[in-house]
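Below is one structure; the comments refer to it alone.
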Amino acid sequence: MSDSEVTYIDVFELPESAIDGLVDNWRARAEQLRQSPGFRDGRLHRTVRPDTRFPLITVAHWDSPELLEAARSTADWRTADDRIPTEARAGAAAYRTVLDYGPAAERDLDGPGVTFVNVFEIAPETVTEFAEGWGERARMMRTAPGFRAVRLHRALSEQARFQLVNVAQWDSLEAWQAAAGNSAMRTATDTARIHATPNTGIYRVAVEFA
């Protein structure tokens with residue numbers, strides 16, 4: 001990960017009946033993304049639980065904020081976006097990775113795993129303090145069985161609805177549930193809720209762009 005790399009995160013809030021249509025929209029624009037200057041890779045994540053507030057989340061990486069903005073300004077991008085109902089888009093913004101952890105020890109990864117995403121609603125003036133506390137939780141998390149990797153993303157703009165987005169990979173739903181049920185982790189999570197409103201979900205990759 002370079003210092004200039006930026007992450008584009010697009011969060012969707014929509015009924016279950018509309019999910020397949022939006023997945024098809026992103027699948028259709030895969031080639032457009034691959035041809036965008038500066039595009040690195042991306043994934044559209046789909047929830048495994050019907051009660052998740054944000055059932056679809058796109059996470060994609062660009063070489064720089066300028067190249068991402070250039071891609072979003074093209075006619076093809078705008079046309080694809082116009083096909084998405086306005087009410088379905090909860091928030092789209094550019095982010096920097098402020099914390100990045102892999103597992104405490106190297107190990108082989110077997111299977112696609114699952115992705116845990118926590119979309120935080122938090123006041124911009126409390127983000128720095130919150131991120132420092134989150135780092136302590138991440139260091140605790142990385143020793144858990146089945147943990148793969150985690151990144152905390154911070155919005156480039158204070159106008160973004162979601163100032164922080166946590167994206168973590170786990171071997172399985174069961175591995176994540178075991179870690180989340182740990183008493184120390186529960187205490188740390190409860191403390192975090194004092195400063196931010198979390199929106200969590202467990203996802204599998206629906207579309208991959210590479």
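The values are calculated or read from the model by the stated rules, or taken from the named source; none is laboratory data. Fair warning: this is a prediction, and the values are worked out from it, not measured in the lab. Counting neighbours? That spans all protein chains shown, and the Cβs are built from the backbone with ideal geometry, glycine included.
If a residue must be closer than 14 Å to F130 by Cβ and either assigned to a strand (DSSP E or B) or touching a residue at least 12 places away in the same chain (Cβ under 8 Å) (or both), how many such residues does the stretch 159-198 contain?
Total meeting the criteria: 13.
Only residues that are charged (D, E, K, R) and either exposed (fewer than 14 other Cβ atoms within 10 Å of the Cβ) or not in a helix (DSSP H, G or I) (or both): list them for the stretch 136-148, please.
E136, R139, R142, R148
Quick check on the stretch 51-65. Is at least one of its residues among the hydrophobic types (A, V, I, L, M, F, W, C), at pLDDT 95 or above and more than 30 Å from A179 (Cα to Cα)? Give the derivation first.
First, the residues of the stretch 51-65 that are among the hydrophobic types (A, V, I, L, M, F, W, C): 54, 56-57, 59-60, 62.
Checking the rest, the ones that are also at pLDDT 95 or above come to 54, 56-57, 59-60, 62.
From the residues that got through so far, the ones that are more than 30 Å from A179 (Cα to Cα) too are 62.
Yes: the stretch 51-65 contains one or more residues that are among the hydrophobic types (A, V, I, L, M, F, W, C), at pLDDT 95 or above and more than 30 Å from A179 (Cα to Cα).
Which of the residues belonging to the stretch 1-43 are outside any helix (DSSP H, G or I) and without any contact (Cβ under 8 Å) to a residue 24 or more places away in the chain?
D3, P15, Q35
So, in the stretch 153-210, how many residues would count as being under 15 Å from F116 (Cα atoms) and either at pLDDT 90 or above or buried (at least 16 other Cβ atoms within 10 Å of the Cβ) (or both)?
Adding up the residues that qualify gives 28.
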